[in-house]
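Asks: Sharing a structure here in structure tokens format.
The values are calculated or read from the model by the stated rules, or taken from the named source; none is laboratory data. Values in this document were obtained by computation on a predicted structure and should not be read as measured data. Quick reminder, even Gly has a Cβ in these numbers, built from the backbone with ideal geometry, and neighbours come from all protein chains shown.
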Amino acid sequence: MSSSIADRILALTAELNHYTDRYYQDSVSEISDQDFDKLLAELQALEAQYPALALPNSPTQRVGGAVNKSFETVQHRYPMLSLGNTYSLAELQDFDTRAVKGLGGITPEYVAELKFDGVAISLTYENGHLVRAVTRGDGIHGDDITANARTIRDIPLSLKHGNWPAHFEVRGEVYMPHKIFERLNAERLDIGEAPLANPRNTASGTLKLQDSAEVARRKLRCFCYYLMGEDLPFSTHAESMTALAEWGFPVSDSWRKCKSIEDVNQFIDHWATHKGELPLDIDGIVIKVNSYNQQQELGFTAKNPRWAISYKFEAERSCTQLLDIKYQVGRTGAITPVAVLDPVLLAGTTVKRASIHNANEIQRLDLHEKDFVWVEKGGEIIPKITAVELSRRHEGAQPISYITSCPDCGTELVRPEGEANHYCPNETRCPTQIKGKIEHFIQRKALDIENLGPETIDQLYTKGLVKNVADLYDLTKENLLTLQGFKDKSADNIVAGIQKSKQQEFAKVLFGIGIRYVGATVASKLASHFFTIEAVQAATREQLLAAPEIGDKIADSILAYFNNLDNVQVIERLKAAGLQFAQVVREVVLDGDALLGKSFVVSGVFSHYSRPELEAKIIANGGRLVSSISAKLDYLIAGENMGPAKREKAEKLNVKMISEDEFRAMIGDVS
């Protein structure tokens, strides 16, 4: 039996890794996302049941799930030195002159590479397997982020082929592609969160997230650019780069060998005008002496190698006049100021608008009416104002004051303590918020109602047919035929889409109703933890905080949502319409009945299991997960860093607390 299971695990691992390699290395999709997810789910189930048979290169490690409350600081085997920077071609010529002089008059061959604007990482491999990933840190010490790095799909967990050394390190740059950054910011705005500043900072913050499942969701990428180790079988950096690519590492094909510094200059000129075509940000060019012997001969200064230098592009910016500030109202009521500019050419595109973010930024910049401002694109997807050209400020110009009332409904704005954004609190009467909530409700990740779009929603709202999401389920074909451009087929399609949406699972409905800060991931966690909308609605603040990934801000937002009578009435109407407000409990194949009838609360961080794995073990052995500590609770499984409030309450109620090892003994897990 175990032999056939091992064979199936081996086959699934190989098949899924093949599909992943084809997608990330060759940009080819050989299988649909749905079919890939089915195979991955099968492999996860088998590994959960037979953990000893899981392979070190299993694609399930890409999904994440480990929770780290802190990252171990480790010393780099080879220091991660920074490079000297220059913004001048003349200084680059000086670098070449020094290199030639240091090599006794020999002109070196160079390798020119793009300087990716990401986060430096060091990857250690032993016998072809990834064993450690470490951030740059201070260059001497960095943080061990191996669990998070394993979720980055194009970092190989195990090498398939090639004559690699038994032990070596690879240096690389972790980055977030523009498309992923834009999607992430759209999601944040959708749930009322402030947008992230730029891809580089977002990649850096993502690598230090405690939950590797969230790291996996953000789809970071990596480019590798340097090989280090003892007795490497290569004499040049170019040979190493070629070998890394052959071994399966993600190496950008943009690097070039250059016979002279003049060739390097041509490389720089090319990318200075073409960098906007890349799917990620670069902020310059790295130039390295190609020969390892020559690198060794040139040596190092106290801080930098003498055989490499970074040429950095000046941030592209232009000065133009601020014509106006428009205030946009989001679905959650967040007010976002956007600068309207006299059109200016920047980085190959005409810029008419720029981000300002919030009132703090207006004050920091000291913006006045009709100011001339400097606008940069740099590492930003959306251009932003970086400074005011004070020499061109008009005499008597008035400072810009942030608006005090909603530009749509006129309601006085509020600014919650500790937050940078202003909000319109009139969430059930403000037209823009209402239409935004409906657009959120029908989106693919929520109720997935096809053939409805912003223009149709605007018509439905204007005609008074839809004032909230529950009204969608009262729409008739006759209602839709009153809209401009609608005929029988288009009306039938929308009615059919609305009816079909009633089959969507509880987590999607919970996401769709639009509780501020409750995104798709949080909604899924809530649905799995509480099982029904009634349980979510009745939960106390303490019970909400006991649920996975629920912090103070989300808990308070959920409580506020259900304290609003309008929201409760909408929920009741959606229930009456037949939407799914309970989690479908799928049949569980039990490993045993050692925990039958016993209730558990899990708190803290564990060494043998991730939290989802521990919860799965409880269920698989007949136990029951509950959301909070009470006198009826049988066991509190206490891990490291468990909150003192939980411990105090358990002690007060005489609830039995057990360690992870004691739990393992209860279920007979002695592996």
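Asks: So which of 509, 536 is part of a helix (DSSP H, G or I), aliphatic (A, V, I, L, M), surrounded by 22 or more Cβ atoms within 10 Å (Cβ to Cβ) and out of contact with any helix residue (DSSP H, G or I) (no Cβ under 7 Å at 6 or more places or on another chain)?
Replies: 509
Asks: Among 504, 459, which is over 30 Å from residue 527 (Cβ atoms) and in contact (Cβ under 8 Å) with a residue 12 or more places away in the chain?
Replies: 459
Asks: If the Cβ limit is 9 Å and pairs must be 6+ apart or interchain, which residue in segment 346-360 that is on the phi < 0 side of the Ramachandran plot and modelled with pLDDT under 85 pairs with which residue that is in a loop (DSSP other than H, G, I, E, B) and among the charged types (D, E, K, R)?
Replies: So the pair list comes out as 346/316; 346/377; 349/377; 355/380.
Asks: Given the conditions (1) in contact with a strand residue (DSSP E or B) (Cβ under 7 Å, 6 or more places away or on another chain); (2) farther than 19 Å from residue 250 by Cα, and given that residue 88 satisfies all but one, which numbered condition is not satisfied?
Replies: Among (1) in contact with a strand residue (DSSP E or B) (Cβ under 7 Å, 6 or more places away or on another chain); (2) farther than 19 Å from residue 250 by Cα, the lone unmet condition for residue 88 is (1).
Yes/no per residue for (1) out of contact with any helix residue (DSSP H, G or I) (no Cβ under 6 Å at 6 or more places or on another chain); (2) crowded, with 17+ Cβ neighbours inside 10 Å; (3) assigned by TED's automatic domain parsing to the domain that holds residue 497:
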position: 412; (1), (2), (3): yes, no, no
position: 417; (1), (2), (3): yes, no, no
position: 442; (1), (2), (3): yes, yes, yes
position: 445; (1), (2), (3): no, no, yes
position: 455; (1), (2), (3): yes, no, yes
position: 464; (1), (2), (3): yes, no, yes
position: 468; (1), (2), (3): no, yes, yes
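Asks: Taking segment 188-213, which residues are more than 16 Å from residue 521 (Cα to Cα), assigned to a helix (DSSP H, G or I) and either free of Cβ contacts under 8 Å to residues at least 12 places away in the same chain or not aliphatic (A, V, I, L, M) (or both)?
Replies: The answer is 199, 200, 201, 202, 204, 205.
Asks: Could we say that residue 435 is more than 30 Å from residue 275 (Cβ to Cβ) and assigned to a helix (DSSP H, G or I) here?
Replies: The answer is yes for residue 435.
Asks: Please tell me if residue 134 is surrounded by fewer than 19 Cβ atoms within 10 Å (Cβ to Cβ), of a type in the set (Val, Ile, Thr) and not in a loop (DSSP other than H, G, I, E, B).
Replies: Spelling it out, it is not the case that residue 134 is surrounded by fewer than 19 Cβ atoms within 10 Å (Cβ to Cβ), of a type in the set (Val, Ile, Thr) and not in a loop (DSSP other than H, G, I, E, B).
Asks: Given the conditions (1) part of a loop (DSSP other than H, G, I, E, B); (2) surrounded by fewer than 12 Cβ atoms within 10 Å (Cβ to Cβ); (3) in the same structural domain as residue 370 (by TED's automatic domain parsing), and given that residue 391 satisfies all but one, which numbered condition is not satisfied?
Replies: (1) is the only condition that residue 391 fails.
Asks: Still on this model: Quick one: how many residues across segment 452-492 are part of a loop (DSSP other than H, G, I, E, B) and farther than 14 Å from residue 438 by Cβ?
Replies: Result for segment 452-492: 7.
Asks: In segment 170-190, which residue that is surrounded by fewer than 20 Cβ atoms within 10 Å (Cβ to Cβ) and more than 11 Å from the chain's Cα centre (by Cα) is nearest to residue 14 (Cα to Cα)?
Replies: Ranking the qualifying residues of segment 170-190, first place goes to 171.
Asks: Filtering segment 382-407 down to residues that are aliphatic (A, V, I, L, M) and under 30 Å from residue 315 (Cα atoms), which residue is modelled with the lowest pLDDT?
Replies: Result: 382.
Asks: Would you pick out the residues in segment 227-244 that are over 16 Å from residue 296 (Cα atoms) and exposed (fewer than 15 other Cβ atoms within 10 Å of the Cβ)?
Replies: Passing the criteria: only 242.
Asks: Go through (1) within 20 Å of residue 282 (Cα to Cα); (2) in a helix (DSSP H, G or I) one by one and return the number of the condition residue 375 breaks.
Replies: Exception for residue 375: condition (2).
Asks: When you scan segment 1-118 for helices (runs of 4 or more DSSP H) that lie fully inside it, which ones turn up with 1 or more residues that are modelled with pLDDT under 80 and either among the polar types (S, T, N, Q) or surrounded by 12 or more Cβ atoms within 10 Å (Cβ to Cβ) (or both)?
Replies: Counting at least 1 such residues, we get 2-26, 33-49.
Asks: Specify the residue that is modelled with the highest pLDDT; the eligible residues are those in segment 580-636 that are assigned to a loop (DSSP other than H, G, I, E, B), surrounded by fewer than 17 Cβ atoms within 10 Å (Cβ to Cβ) and of a type in the set (Gly, Ala, Ser).
Replies: 594
Asks: Among the residues that make up segment 474-484, is at least one of them hydrophobic (A, V, I, L, M, F, W, C), in contact with a Lys or Arg (Cβ under 7 Å, 6 or more places away or on another chain) and surrounded by fewer than 20 Cβ atoms within 10 Å (Cβ to Cβ)?
Replies: Scanning segment 474-484, I find no residue that is hydrophobic (A, V, I, L, M, F, W, C), in contact with a Lys or Arg (Cβ under 7 Å, 6 or more places away or on another chain) and surrounded by fewer than 20 Cβ atoms within 10 Å (Cβ to Cβ), so the answer is no.
Asks: Exactly one of (1) within 24 Å of residue 415 (Cα to Cα); (2) more than 27 Å from the chain's Cα centre (by Cα); (3) crowded, with 17+ Cβ neighbours inside 10 Å is unmet by residue 309. Its number?
Replies: Result: residue 309 passes all but (1).
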